[in-house]
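Trainee: Below are the structure tokens for one structure; questions will follow.
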Amino acid sequence: MANDSYKPKPDDRSDNVEKLQSMVQDTIQNIEKAHDTMEFSSDEEREKIKEKNKRREEAIEGMRQEIKDEAHDQQQS
């Protein structure tokens, strides 16, 4: 029996920019921590950290673009 009273939550995107900015800050902190860890790592571990940080930097660029898009969308509303 289907529950006809179920209603999905409305799509509240009003705080997306703030959430994304927080995610960027967290990712930057992770990159910095990883740099500190590299000092005590083997060559193989250093290479893995460098690769992971590269992916983090790419993710940051994507999040920054999404922030721009969200901010633009909010201005249009």
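Trainee: State yes or no: is residue 73 surrounded by 12 or more Cβ atoms within 10 Å (Cβ to Cβ), in a helix (DSSP H, G or I) and of a type in the set (Asp, Glu)?
Mentor: Answer is yes for this residue.
Trainee: Being out of contact with any Cys (no Cβ under 7 Å at 6 or more places or on another chain), surrounded by 13 or more Cβ atoms within 10 Å (Cβ to Cβ), not in a helix (DSSP H, G or I) and not acidic (Asp, Glu): is that true of residue 5 here?
Mentor: No.
Laboratory data are not the source of any read-out in this text; all were calculated from the coordinates shown. Here the structure is a predicted model, which is why all the values come from computation and not from measurement. With ideal geometry, Cβ positions are generated from the backbone for all residues, glycine too; neighbour counts draw on all protein chains shown.
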